[in-house]
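Asker: Before anything else, here's the structure in question.
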Amino acid sequence: AKSSPDIQLGYLFLDVVPASVNQTAAWANASGMRYVMLNSAWYITSGHYNVSVGAPGYWGGMAGLKQAVGWFEAHGVKVGMHTMSAHIDTRDSYVTPVPDPRLGKTGNLRISSALSVGATSVATVTATAHLPTPTGPLASACCDMQIGNEIITYSAVEPSGLSGVQRGAYGTVAAAHPAGTPIYLLTKAEGMCCWPDATGVWDPDGTLVDEIGANLARVYDEAGFSQIYFDGNECQERPHGIGAMAQAFWRHVKRDVLSEGSAQTPYTWHLDSRGGTTDYSATACRAWFDHFKSGIVVSTQQKLLTAQVGWWGFMYHSLAHYATTPDELEYMGARAAAYDAAPSLETGSMMLTGNGRTMEALAKVRTYLELDLPAAVKAQMRAPDMDFC
């Protein structure tokens, strides 16, 4: 998992539909990266991770996904699965219609008076000052609480309770609750509060994390994947939780794995093959790497992991951003060679099709992947703001 030469190949990170499989394989081979990582549309909901049958997925269930992965493999391209493994989707059966008792919870408030089915405020015995205050257009997703088998959300924190309460959230059933009933704040994936489909996370000390790890391993083995990305794990509040999902996955998986995650700690260096990825910048991508991402690359290597210089954005021209140019991908390839790291693109089929210079740009990356440079040259190539041909 740590010594395979595939660790330095990188991947295209994008949504793939059956109609784009041929073209996607051609892009991956042209870049020399030879991996494609499927974005999250391959599954229906995080939690159970059942393979998408219809919208928003495209695969027609496991049989269709397995066929696509096999086709990629036959054309020299390996396939990875991207997961939002820290949180559980509001639509997943771990949440609705009856919340699984193993969802992560914090606090132990109690309601001070009986709560009727139609009530839109909740009075509590204990002070509520520690509860998150909703801000922003999607902030209500931060404020999920469980009382009995019902999930509620609130829009305001009062000294004596909660107001603006939505009852029976996410398809749970509103019910009457007697005075003294416990009410818990569902642990949120920190930083993901504005994700409308993210209810909460699993308890890293409970049994649900092992079950979800088994769900992922089942799909990984059956579909024939070669790589997995554990995204969002930095949102676990406790450091050992960052490695809990990867550890659970490894307990159940049967195939070889190139494992990668969005956060590395002393709890994960032995679980991941590589790390150090952040999302791309839409502009000034060179400065973004030299003055920000390069520090993550070095830190990742100090944690005994191969580093990523991705995810590097690849875009077409729009009012929001300019089109990625071949020299920018060459810059990524040079930095990958300089740091013995892996280049990866965060993009989409429409971006790659609409750019106009895609194959030219991908060929630039391949050139640097094929180099065998002396250590002194690599050190020289790490100087910021320098182009190399």
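Asker: Roughly how many Å² is the accessible area per residue of segment 1-61, as a whole number, for a 1.4 Å probe?
Answerer: Computed with neighbouring chains in place, this is 35 Å² per residue.
Asker: While we're on this one: Sorted by accessible area (1.4 Å probe), largest first, how do ASP385, ASP15, ASP256 line up?
Answerer: ASP256, ASP385, ASP15
Asker: So for segment 200-328, what percent of the C-alpha to C-alpha distances run longer than 18 Å?
Answerer: 59
Asker: Let me ask something additional. How many percent of all Cα-Cα pairs in segment 275-337 sit more than 14 Å apart?
Answerer: Summing the P(r) of segment 275-337 above 14 Å gives 55 percent of all pairs.
Asker: Let me ask something else. Given 5 Å bins starting at zero, what is the percent of C-alpha pairs of segment 320-389 in each, up to the one with the largest pair distance?
Answerer: 3, 16, 27, 23, 15, 9, 5, 2, 0
Asker: Can you pull out the GluC sites (Glu not before Pro) in segment 306-389 whose DSSP state is coil and whose Cβ has at most 15 other Cβ atoms within 10 Å?
Answerer: Those satisfying the criteria are GLU370.
Asker: Further question: Could you state the number of Å between the C-alpha centres of segment 1-40 and segment 88-128?
Answerer: Between the Cα centres of segment 88-128 and segment 1-40 lies a distance of 42 Å.
Asker: Over the chain, with every protein chain in place, what whole percent of the accessible area is carbon and sulfur at 1.4 Å, could you tell me?
Answerer: 57
Asker: In what sequence, largest accessible area first, do VAL125, VAL297 appear using a 1.4 Å probe?
Answerer: VAL125, VAL297
Asker: Summing Lys, Arg as +1 and Asp, Glu as -1, what charge do residues with Cβ under 11 Å from the Cβ of HIS82 carry, HIS82 excluded?
Answerer: Net charge around HIS82: -4.
Asker: Provide Rg and Dmax in Å for the chain, with only Cα atoms included in the calculation.
Answerer: For the chain, the Cα radius of gyration and maximum Cα-Cα distance read 22.8, 73 Å.
Asker: Which lysines have a Cα lying under 21 Å from the Cα of LYS254, excluding residues fewer than 8 positions away in the same chain?
Answerer: LYS2, LYS66, LYS78
Asker: OK, next. If you put +1 on each Lys and Arg Cβ and -1 on each Asp and Glu Cβ, how big is the dipole of the chain around its Cα centre, in Debye rounded to 20?
Answerer: It works out to roughly 260 debye.
Asker: Further question: To the nearest 500 deg cm²/dmol, what mean residue ellipticity at 222 nm is calculated for the chain from DSSP H runs of n ≥ 4 alone, each contributing -39,500 (n - 2.57), summed and divided by the residues?
Answerer: It comes out at -8500 deg cm²/dmol, rounded to the nearest 500.
Asker: Taking chymotrypsin sites (Phe, Trp or Tyr not before Pro) that fall in a DSSP loop and have at most 16 other Cβ atoms within 10 Å as cut points, what is the longest piece of the chain between them?
Answerer: The longest such stretch corresponds to 1-268.
Asker: Another one. Answer rounded, prolate or oblate for segment 57-116, using the Cα gyration tensor with square roots of eigenvalues a ≥ b ≥ c: rounded when a/c is under 1.5, else prolate when a/b is larger than b/c, else oblate.
Answerer: Here segment 57-116 falls in the prolate category.
Asker: Find how many whole Å separate the alpha carbon centroid of segment 338-389 from the alpha carbon centroid of segment 226-286.
Answerer: Centre-to-centre distance over Cα atoms comes out at 23 Å.
Asker: For segment 242-389, divide the Cα radius of gyration by the Kirkwood radius and give the resulting Rg/Rh value with two decimals.
Answerer: That ratio equals 1.00.
Asker: Under a straight-distance cross-link criterion of Cα-Cα below 18 Å, which lysines are reachable from LYS378, leaving out those fewer than 8 residues away in the same chain?
Answerer: LYS293, LYS364
Asker: Please compute, for the alpha-carbon atoms of segment 13-126, the extent along each of the three principal axes and give them in descending order in Å.
Answerer: Dimensions of segment 13-126 along the principal axes of its Cα atoms: 65, 25, 21 Å.
Asker: If you add up the charges near MET386, with Lys and Arg at +1 and Asp and Glu at -1, over every other residue whose beta carbon is less than 15 angstrom from its beta carbon, what do you get?
Answerer: For residues surrounding MET386, the net value is -2.
Asker: Based on the Cα gyration tensor of segment 236-275, what are the three equivalent ellipsoid semi-axes, each the root of five times an eigenvalue, rounded to whole Å and given largest first?
Answerer: 17, 12, 7
Asker: Taking segment 242-300 on its own, what percent of its Cα-Cα pair distances exceed 15 Å?
Answerer: Roughly 55 percent, once rounded to a whole number.
Asker: In square nanometres and to one decimal, what's the mean projected area of the convex hull around the Cα atoms of segment 9-50?
Answerer: One quarter of the hull surface, i.e. the mean projection, equals 3.2 nm².
Asker: Continuing with the same structure: In terms of solvent-accessible area of protein heavy atoms at a 1.4 angstrom probe, what is the ranking of MET386, MET350, MET62, MET81, highest value first?
Answerer: MET350, MET386, MET62, MET81
Asker: Give a quick list of trypsin sites (Lys or Arg not before Pro) in segment 196-287 that DSSP marks as loop, anything other than H, G, I, E or B, with at most 10 other Cβ atoms within 10 Å.
Answerer: LYS254
Asker: Return the percentage of antiparallel bridges among DSSP beta bridges fully within the chain, rounded to the nearest 5 %.
Answerer: If we restrict to bridges inside the chain, about 50 percent are antiparallel.
The values are calculated or read from the model by the stated rules, or taken from the named source; none is laboratory data. Worth saying up front: this structure is predicted, and the values here are computed from it rather than measured. All Cβ positions, even for glycine, are placed from backbone atoms using ideal geometry, and neighbour counts span all protein chains on display. Surface areas here come from the heavy atoms of the whole protein model, side chains and all, with no ligands, DNA or RNA. Shrake-Rupley method; radii C 1.70, N 1.55, O 1.52, S 1.80 Å.
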